[in-house]
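**Q** Dropping a structure here in structure tokens format, bear with me for questions.
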Amino acid sequence: MSETANGKQYDVVVAEDELLILENLVKKINSMSLPFCVKGAFEDGDSALEFIKTNHVDLVITDIKMPFMNGLELSRVLHASYPSIKILIISGYNEFTLAQEAIEYQVKGFLLKPIRQEQLEQALTKLLIELDSENDTFQASVPEHLKTMGKEEIAGCVEKYLKENFQKQISMGDISDKLGFAPDYLSHLFKKYHDESPVRYLTSLRINYAKQLLIRQPDFDVAVIGEMSGYPDPVYFSKVFKKNTGMWPSQYRAEGGCQR
């Protein structure tokens, strides 16, 4: 959700490979008296996802069949990585069974082609009630001192939390609970001000710490160092370490910390 001079506004992305349908959908949404505004319109799922990675989005309306990445796959990725984004599926009569597979990805509704104005408005009105309710609940849960903070300050809070807790088992959900903001919103802010995702930054903190321990604590077992660095699974720790350094932990230690 973004703020305008007239109040709240929910940001929409539309993905549809038929250009005329895409343009018609954008026109219909932007002409409604509902607080929805199309921020991006794309002819394939890949392009839509790339936009979503760097922009705030509340709702995605996607065709079920598209080139490169179809609507089902896009819904799967959104459900896994951006769970706060609502999804509406566009489908034809012969695609309805396929579209129903998206139910497991928490899709909020289906728009049957050809899409009528009243059908679209009804679906958006129903979603508006849900979005408003979630937004009111969210605003009530945010600590007062955080409400006055700027976006860069919030990103700084994420960085501070990661630095102080990287040795623990933490997730974006934990940080979201702590700060009172949606996980994907925090991820977008962090990436904007730090040029990398929180997950990537967390990995860097852990691997750099593990490097220090491997050299400074030669008597410590590699599994122990992995656990102290935030990786309780020694096999996973070794794989992540090699992926990021090009060497297994034992190799890194044996060569005195000299990376290849």
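**Q** What share of Cα pairs, in percent, lie more than 16 angstrom apart in the stretch 18-62?
**A** On the way: 371 of 990 pairs.
Percent of Cα pairs beyond 16 Å in the stretch 18-62: 37.
**Q** Please list 3J(HN,Hα) in residue order for the stretch 205-217, calculated via the Karplus relation 6.51 cos²θ - 1.76 cosθ + 1.60 where θ = phi - 60°; whole Hz, with x for glycine and proline.
**A** Once θ is set to phi - 60°, the couplings for the stretch 205-217 become 4, 5, 5, 4, 5, 5, 4, 4, 5, 4, 8, 7, 10 Hz.
**Q** Counting DSSP beta bridges in the chain, what percent are antiparallel, to the nearest 5? Please report the intermediate quantities before stating the final value.
**A** Numbers: 3 of 22 bridges.
So the antiparallel bridges in the chain amount to around 15 percent.
**Q** If you count, for each residue, the other Cβ atoms within 10 Å and average over each peptide, how do 148-160, 237-249, 9-21 line up from highest to lowest? Don't skip to the end; give the middle numbers.
**A** On the way: 148-160: 14.5, 237-249: 17.2, 9-21: 19.1.
Going by the mean number of other Cβ atoms within 10 Å, highest first, we get 9-21, 237-249, 148-160.
**Q** Compute the whole-percent fraction of alpha carbon pairs in the stretch 159-222 spaced more than 15 Å apart. All intermediate terms of the calculation are to be shown ahead of the outcome.
**A** Numbers: 1106 of 2016 pairs.
Roughly 55 percent, rounded to a whole number.
**Q** In a shell of Cβ-Cβ distance under 15 Å around E118, excluding E118 itself, what net charge do Lys and Arg (+1) and Asp and Glu (-1) give?
**A** Working: positive: K28, K113, R116, K126; negative: E121.
Neighbourhood net charge equals +3.
**Q** Helix 234-245 versus the longest principal axis of the chain: what angle, 0 to 90°, nearest 10, using Cα atoms?
**A** Helix 234-245 sits at roughly 80 degrees to that axis.
**Q** Give me, ordered by chain and number, the residues 5 or more places off F110 or on other chains with an amide H under 5 Å from its own placed amide H.
**A** Here the answer is I89, since their amide H atoms fall under 5 Å of that of F110.
**Q** Cross-link partners among aspartates and glutamates for K168, C-alpha distance below 15 Å, same-chain residues fewer than 8 apart left out?
**A** Once the sequence-local aspartates and glutamates are set aside, what remains near K168 is E159, E227, D233.
**Q** Where Rh is the Kirkwood radius over the Cα pairs of the stretch 105-260, the temperature 4 °C and the viscosity 1.567 mPa s, what D in µm²/s does Stokes-Einstein return? Write out the running numbers ahead of the final one.
**A** Working: Rh = 18.7 Å.
It diffuses with D of about 69 µm²/s by this estimate.
**Q** About the Cα centre, and with charges only on the beta carbon of Lys, Arg (+1) and Asp, Glu (-1), how big is the dipole of the chain? Nearest 20 debye, please.
**A** Rounded to the nearest 20 debye, it is 840 debye.
**Q** What does the net charge come to around I170 if you take all other residues with beta carbon closer than 12 Å to its beta carbon, with K and R at +1 and D and E at -1?
**A** +1
**Q** Relative to the first principal axis of the alpha-carbon coordinates of the chain, what is the inclination of helix 151-165, with its axis defined by its Cα atoms, in degrees from 0 to 90 and to the nearest 10?
**A** The answer is roughly 40 degrees.
**Q** Below 14 angstrom from the Cβ of S81, what's the summed charge of the other residues (Lys, Arg +1; Asp, Glu -1)? Intermediate values should be presented prior to the final figure.
**A** Numbers: positive: K53, R76, K191, R200; negative: E50, E73, D184.
Overall, the nearby charge balance is +1.
**Q** A follow-up question, please. For the chain, what is the largest minus smallest coordinate of the Cα atoms on each principal axis, given in angstrom and ordered from greatest to least?
**A** Here the spans come out as 70, 45, 26 Å, largest first.
**Q** Using θ = phi - 60° and the Karplus curve 6.51 cos²θ - 1.76 cosθ + 1.60, what whole-Hz ³J(HN,Hα) does each residue of the stretch 187-199 get, with Gly and Pro shown as x?
**A** 4, 5, 5, 4, 5, 5, 9, 10, 6, 7, 6, x, 5
**Q** Order of 205-213, 121-129 by packing, highest average Cβ count within 10 Å first? The partial results should precede the final answer.
**A** Working: 205-213: 18.0, 121-129: 15.3.
Result, highest mean Cβ count within 10 Å first: 205-213, 121-129.
**Q** Here are some pairs, K65/K108; K86/K151; K53/K242; K27/K113; K192/K242; K28/K126; which of them have Cα atoms lying more than 20 Å apart in this structure?
**A** Numbers: K65/K108 18 Å; K86/K151 23 Å; K53/K242 27 Å; K27/K113 16 Å; K192/K242 28 Å; K28/K126 16 Å.
The answer is K86/K151; K53/K242; K192/K242.
Since every read-out is calculated from the coordinates, none of them should be taken as a lab result. As the structure is a computational prediction, the values presented were derived from the model and not from experiment. Here Cβ is always computed from backbone atoms with ideal geometry, including for glycine, and neighbour counts include all displayed protein chains.
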